[in-house]
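I have placed the structure first, in the form of structure tokens, so that the comments after it can refer back to it.
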Amino acid sequence: MLNVQKFGSIPAVFVIAALFSLPALIARPSSGNNNRKTESQPHVETPLNLAILIQDDLVSHVANELDITRDFIRSLPKGSSVMIGYIRSGSLQVHQPFTSDLGKADSALRIPVSSTSASPFNPYVEVLEALRHFNSRQKNPNVLLLISDGLDVSRGFDPASVLHSIDLERAIKEAKRRKVAIYSFFAPSVGLTSRSYQAASYGQSSLNRLSKETSGEAFFQGTTDFVTFNSHFERLVEALNQKYSQE
């Protein structure tokens with residue numbers, strides 16, 4: 001007959017069984033909690049046609065934001081289509097035309113050149129070019145995310161010349177015609193906007209005008225630079241869901 005000793009009023013066999021099962025009890029709970037946390041993270045609810053444009057002469061720490069940009073792309077709902085382009089001297093460089101393969105789209109992101117050798121004439125010439133890549137027959141909402149310093153001083157460095165530049169006006173008009181909402185993140189370039197408060201202010205004001213007049217939204221941190229795009233993407237997801245989930 002089995003000799004069962006007691007710990008107080010509890011049989012020893014139950015104590016031993018509990019000790020053997022303790023490691024399993026400790027190891028299991030975390031996975032369930034992590035799954036719930038992932039599922040609760042905000043994400044865009046409506047499939048989009050999204051073009052992401054990055055100005056190629058932005059400051060080097062923009063490269064630190066590529067991972068969160070990739071996360072945002074991969075989190076888009078099934079049926080979304082993404083284009084990746086870089087704004088630089090010459091013309092728009094499309095690294096990835098519109099594709100529904102989100103993994104392929106996020107792989108097309110690269111570190112910006114971060115040199116004045118890549119500085120565009122102004123960002124809005126290439127924005128205008130990118131808008132022509134949108135297919136008006138697509139059923140998804142058309143959205144453009146512009147990551148730029150927003151500055152156009154090609155025709156003068158005063159409020160009238162910058163905030164009402166010819167190319168900015170053309171980009172707004174074309175976006176309205178094609179029904180493309182433009183959202184924008186401000187980041188300074190290695191040129192004027194990283195050295196001049198006034199230049200950065202002009203650039204932010206231009207991005208704000210571009211986004212507001214095309215039914216989008218502009219996101220800034222501070223007056224001359226940014227810390228991280230994390231909060232920008234959180235607010236972008238919220239804005240997109242408010243705009244398109246109710247339509």
Assess whether Pro77 counts as being of a type outside the set (D, E, K, R), in contact with a Pro (Cβ under 7 Å, 6 or more places away or on another chain), modelled with pLDDT of 95 or more and assigned to a loop (DSSP other than H, G, I, E, B).
yes
Within the bounds of the range 101-113, is there any residue that is of a type in the set (S, T, N, Q) and surrounded by 17 or more Cβ atoms within 10 Å (Cβ to Cβ)?
no
Hits in the range 84-97 (condition: of a type outside the set (D, E, K, R) and either part of a loop (DSSP other than H, G, I, E, B) or within 9 Å of Ala130 (Cα to Cα) (or both))
Gly85, Ser89, Gly90, Ser91, Leu92, Val94
How many of the residues making up the range 38-78 are crowded, with 18+ Cβ neighbours inside 10 Å and among the charged types (D, E, K, R)?
3
Looking at this structure, is Arg195 loosely packed, with under 15 Cβ neighbours inside 10 Å and either in the same structural domain as Leu146 (by TED's automatic domain parsing) or of a type outside the set (A, V, I, L, M) (or both)?
yes
Among the residues of the range 219-231, the number that are free of Cβ contacts under 8 Å to residues at least 60 places away in the same chain and outside any loop (DSSP other than H, G, I, E, B) is 2
Quick check on my filter: what residues within the range 98-129 are basic (Lys, Arg) and part of a helix (DSSP H, G or I)?
Lys104
Here are some conditions: (1) over 19 Å from Met83 (Cβ atoms); (2) modelled with pLDDT of 95 or more. Arg195 meets all but one. Which one does it not meet?
(2)
Within the range 169-187, is even one residue farther than 21 Å from Glu129 by Cα, of a type outside the set (S, T, N, Q), out of contact with any Asp or Glu (no Cβ under 8 Å at 6 or more places or on another chain) and surrounded by fewer than 22 Cβ atoms within 10 Å (Cβ to Cβ)?
no
Here is a check on your reading of the model: is Leu207 part of a helix (DSSP H, G or I), at pLDDT 95 or above, touching a Lys or Arg at 6+ places or on another chain (Cβ under 8 Å) and surrounded by 15 or more Cβ atoms within 10 Å (Cβ to Cβ)?
no
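The values are calculated or read from the model by the stated rules, or taken from the named source; none is laboratory data. Keep in mind that what you see is a predicted model, and the values were worked out from it rather than measured. Cβ coordinates were reconstructed from backbone atoms using ideal geometry, including for glycine residues, and neighbour counts include every protein chain displayed.
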